[in-house]
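The values are calculated or read from the model by the stated rules, or taken from the named source; none is laboratory data. All figures in this text were calculated on a predicted structure; none of them were measured in a lab. Please note: Cβ atoms are built from the backbone with ideal geometry, for glycine as well, and neighbour counts cover all protein chains shown.
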Amino acid sequence: MKKINLATKKLKVHQDQRGWLAEILRGEAVKGSFGQLLITVAKPGFTKGNHYHLRKREWYCVVGGRGELSVWSKDGKNKTKLQLSSEELMLVEMPKKYFHKITNNGDEDLVLVVYLSEPYNPDNPDTFYE
């Protein structure tokens with residue numbers, strides 16, 4: 001079985017007595033239109049995703065709690081898992097044409113910031129479920 005190489009970027013966190021800030025994406029990192037930025041929460045034990053995209057690019061960043069990111073090929077021959085946590089902020093790019101999901105494996109809510117290269121269009125969603 002071949003491991004999938006995911007594009008990741010450790011984020012620089014600026015912190016003081018008020019809290020923290022970490023830049024996830026800058027305008028020059030995104031070509032063309034802005035797309036869609038969203039935040040989602042998964043309760044402990046629950047999973048988000050279980051789908052793949054043909055054209056959309058998608059990035060995940062856990063900003064609260066922790067979860068296990070799983071990415072696998074349609075034939076199941078290539079798989080990888082990555083532990084993500086708000087304790088070590090990381091930006092992960094999902095490869096096109098690979099299934100992906102994130103499961104909250106912690107005791108608190110998993111808070112996930114997601115950027116998609118194009119806004120959701122119900123008439124042409126480019127989201128294919130397992």
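For the range 38-56, the condition of being within 13 Å of the chain's Cα centre (by Cα) and at pLDDT below 85 holds for none of the residues.
Look at Gly45 and say whether it is in a loop (DSSP other than H, G, I, E, B), surrounded by fewer than 16 Cβ atoms within 10 Å (Cβ to Cβ) and small (Gly, Ala, Ser). Considered against the rule, which asks whether it is in a loop (DSSP other than H, G, I, E, B), surrounded by fewer than 16 Cβ atoms within 10 Å (Cβ to Cβ) and small (Gly, Ala, Ser), Gly45 comes out as yes. Filtering the range 102-129 to residues that are among the polar types (S, T, N, Q) and in a strand (DSSP E or B) leaves Thr103, Asn104.
Can you tell me how many residues in the range 57-70 are basic (Lys, Arg) and at pLDDT 95 or above? Talk me through it step by step, then tell me what you get.
Start the filter on the range 57-70 by keeping residues that are basic (Lys, Arg), which leaves 57, 66.
Within this subset, residues satisfying the condition of being at pLDDT 95 or above are 66.
Looking only at that region, the number is 1.
Taking the range 71-101 as the range and being hydrophobic (A, V, I, L, M, F, W, C) and either modelled with pLDDT of 95 or more or in a strand (DSSP E or B) (or both) as the test, the residues that pass are Val71, Trp72, Leu82, Leu84, Met90, Leu91, Val92, Met94, Phe99. Taken over the range 7-33, the criterion of being under 16 Å from Val113 (Cβ atoms), of a type in the set (D, E, K, R) and modelled with pLDDT under 85 is satisfied by Glu23, Arg26. Scanning the range 49-70 for residues that are part of a strand (DSSP E or B), charged (D, E, K, R) and surrounded by fewer than 21 Cβ atoms within 10 Å (Cβ to Cβ) turns up Arg66, Glu68. Somewhere in the range 11-27, is a residue under 15 Å from the mean Cα position of the chain (by Cα), assigned to a strand (DSSP E or B) and in contact (Cβ under 8 Å) with a residue 24 or more places away in the chain? Checked against the condition, which is being under 15 Å from the mean Cα position of the chain (by Cα), assigned to a strand (DSSP E or B) and in contact (Cβ under 8 Å) with a residue 24 or more places away in the chain, the range 11-27 yields no hits at all. Residues that are hydroxyl-bearing (Ser, Thr, Tyr), touching a strand residue (DSSP E or B) at 6+ places or on another chain (Cβ under 6 Å) and more than 20 Å from Leu38 (Cα to Cα) within the range 71-115 comprise Thr80, Tyr98, listed in sequence order.
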